[in-house]
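Enquirer: What follows is a single structure, and I will ask about it in a moment.
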Amino acid sequence: MTPTFQALVVRVSDEKNYTRAIEERSIDDLPQGEVLIRVHYSSLNYKDGLSCIGNRGVTRHYPHTPGIDAAGVVETSESNDFKAGDPVVITCYDLGMNTAGGFGQFIRVPADWVMPLPDGLSLRESMIYGSAGFTAGLSVDVLQRQGVNPEKGPIVVTGATGGVGSVSVALLAGRGYSVSASTGKPDAEDFLKKLGASEVIGRDAVNDKYGKPLLKETWAGAIDTVGGTTLATLLKASKEGGAVAATGMVASTDLPTTVFPFILRGVSLLGINSQGTSMTLRQEIWSKLAEEWKPAGLERLAVECRFEKLDPEIDRILAGGQRGRVVVNLQ
Ligand SMILES: NC(=O)c1ccc[n+]([C@@H]2O[C@H](COP(=O)([O-])OP(=O)(O)OC[C@H]3O[C@@H](n4cnc5c(N)ncnc54)[C@H](OP(=O)(O)O)[C@@H]3O)[C@@H](O)[C@H]2O)c1
């Protein structure tokens with residue numbers, strides 16, 4: 001008899017309503033792939049929320065199991081690179097988008113998506129980071145490569161209580177940067193200060209509505225998850241030679257700016273594409289996340305939720321209400 005497992009399945013009704021429920025699935029339902037993995041943990045990202053409500057830019061076909069992250073143990077492998085029992089991590093590929101994802105107790109994926117669990121991390125810790133944390137790591141890395149070091153001045157992080165934002169705050173603070181954390185949650189000051197933020201500012205402080213081409217030089221660098229007028233404001237308020245890492249678009253996909261921040265202040269706009277990152281760079285960043293960059297308070301970043309109880313957490317991330325990361329337990 002083919003083994004079965006439990007998975008969260010999103011279905012679309014004739015009325016185009018999207019429902020989600022835990023269902024029994026068969027290993028045979030999984031897509032082809034060289035490596036079958038028993039998932040121990042996943043995590044919740046904004047993209048998972050979009051997949052759960054039928055965003056066709058993320059997931060084209062339903063029924064579907066979301067979960068862009070997975071950490072677990074190899075069950076069977078047709079690849080010489082992996083063997084049964086190996087602990088592994090999958091983030092930032094097609095998993096959970098158009099490939100049955102980590103909100104199921106098994107996944108089957110191509111071998112070149114699979115990364116050995118980095119030394120220095122447990123499976124659970126790897127999912128405290130997940131795609132959001134890896135993206136934060138990539139962002140810190142590009143700022144450093146651009147020469148934005150702590151001596152250059154403060155760094156601002158937007159959407160600071162979110163997944164990418166909160167890990168960015170913790171990583172930057174741990175690397176000795178002075179961090180301005182921008183949040184829309186008035187009661188999040190204590191959370192952000194404990195992660196290492198030097199100051200906590202509101203969303204309005206990084207959302208210039210007047211459309212001036214340049215603003216007072218304030219930050220040496222920025223990690224933005226918001227997009228739109230917020231991203232434009234960060235560019236206009238960058239110091240001479242500053243850099244802004246653009247990761248997200250929770251508010252808007254627009255970028256209403258002029259060329260002045262670039263040609264009068266030499267500001268750089270650095271695009272972050274976690275999915276397009278080579279395995280070599282992935283492993284380099286993950287190894288830093290596992291060792292020298294690992295925040296002492298990593299646990300403080302996450303709450304844990306069983307996959308059967310994810311519903312309210314999905315609604316919360318879609319409403320911009322999450323604080324830190326949600327680790328999803330599938331054991
Ligand atoms: N480029 C990449 O490779 C990559 C990888 C991963 C994620 N992303 C993108 O990064 C973004 C963040 O992802 P995430 O998983 O960290 O999401 P998340 O956990 O939901 O965090 C987003 C945060 O943004 C803030 N926010 C929400 N709505 C907002 C609005 N309308 N205006 C201003 N701020 C708002 C909230 O923080 P506050 O309440 O603290 O303001 C929220 O917690 C998403 O757009 C995601 O698609 C990109």
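The values are calculated or read from the model by the stated rules, or taken from the named source; none is laboratory data. This is a predicted model, so every value here is computed, not measured. Counting neighbours? That spans all protein chains shown, and the Cβs are built from the backbone with ideal geometry, glycine included. We work out accessible area using only protein heavy atoms, side chains counted, and drop any ligands, DNA or RNA first. Shrake-Rupley method; radii C 1.70, N 1.55, O 1.52, S 1.80 Å.
Enquirer: In the range 42-58, what residues are surrounded by fewer than 24 Cβ atoms within 10 Å (Cβ to Cβ), more than 10 Å from the ligand (Cβ to nearest atom) and touching a residue at least 40 places away in the same chain (Cβ under 8 Å)?
Expert: ILE53, GLY54
Enquirer: Just the residues that are more than 12 Å from the chain's Cα centre (by Cα), open to solvent by 10 Å² or more (accessible area, probe 1.4 Å) and closer than 20 Å to LEU192 by Cβ, please, taken from the range 125-158.
Expert: Of everything in the range 125-158, those that are more than 12 Å from the chain's Cα centre (by Cα), open to solvent by 10 Å² or more (accessible area, probe 1.4 Å) and closer than 20 Å to LEU192 by Cβ turn out to be PRO150, GLY153, PRO154.
Enquirer: Give the residues of the range 285-331 that are farther than 24 Å from PHE103 by Cα and exposed (fewer than 14 other Cβ atoms within 10 Å of the Cβ), sorted by residue number.
Expert: Correct list: GLU291, GLU292, ALA296, GLY297.
Enquirer: Kindly establish whether ASP28 is part of a helix (DSSP H, G or I) and either crowded, with 17+ Cβ neighbours inside 10 Å or more than 24 Å from the chain's Cα centre (by Cα) (or both).
Expert: Taking the combined requirement at face value, the residue satisfies it.
Enquirer: Here is a follow-up. Starting from the range 147-174, take each residue that is in contact (Cβ under 8 Å) with a residue 12 or more places away in the chain and within 16 Å of GLU292 (Cα to Cα) and list its partners that are among the aromatic types (Phe, Trp, Tyr) and not in a loop (DSSP other than H, G, I, E, B), counting only C-beta distances under 9 angstrom and pairs at least six apart or across chains.
Expert: Short answer, once both residue conditions are applied: VAL167/TYR129; VAL167/PHE134.
Enquirer: Next up: Please verify whether the range 99-122 includes one or more residues that are polar (S, T, N, Q) and in a helix (DSSP H, G or I).
Expert: no
Enquirer: For the structure I just gave you, tell me whether VAL10 is out of contact with any Leu (no Cβ under 9 Å at 6 or more places or on another chain), hydrophobic (A, V, I, L, M, F, W, C) and under 29 Å from LEU301 (Cβ atoms).
Expert: yes
Enquirer: Just one of the numbered conditions (1) within 23 Å of GLU151 (Cβ to Cβ); (2) of a type outside the set (A, V, I, L, M); (3) surrounded by fewer than 24 Cβ atoms within 10 Å (Cβ to Cβ) is not true of SER168; which one?
Expert: (3)
Enquirer: Taking the condition of being more than 10 Å from the ligand (Cβ to nearest atom) and assigned to a strand (DSSP E or B), how many residues in the range 173-186 meet it?
Expert: 2
Enquirer: Go through (1) aliphatic (A, V, I, L, M); (2) over 19 Å from the mean Cα position of the chain (by Cα); (3) not in a strand (DSSP E or B) one by one and return the number of the condition ILE317 breaks.
Expert: That leaves (2) as the condition not met.
Enquirer: Please name all residue pairs, on different chains or six or more residues apart, with Cβ atoms under 6 Å, provided the first residue is in the range 80-107 and is free of Cβ contacts under 8 Å to residues at least 60 places away in the same chain and charged (D, E, K, R) and the second residue is open to solvent by 10 Å² or more (accessible area, probe 1.4 Å) and not in a loop (DSSP other than H, G, I, E, B).
Expert: ASP81/ALA111; LYS83/SER77
Enquirer: For residues in the range 143-163 being among the hydrophobic types (A, V, I, L, M, F, W, C) and more than 11 Å from the ligand (Cβ to nearest atom), which is nearest to GLY202 (Cα to Cα)?
Expert: VAL156
Enquirer: Here's another thing I want to ask about it. Do you know which of the residues in the range 31-57 that are in contact with a Leu (Cβ under 7 Å, 6 or more places away or on another chain) and not in a strand (DSSP E or B) is farthest from GLY67 (Cα to Cα)?
Expert: Ranking the candidates gives ILE53 first.
Enquirer: Related question: Within the range 285-309, which residues are under 28 Å from LYS193 (Cα atoms) and in a helix (DSSP H, G or I)?
Expert: Passing the criteria: ILE285, TRP286, SER287, LYS288, LEU289, ALA290, LEU298, GLU299, ARG300, LEU301.
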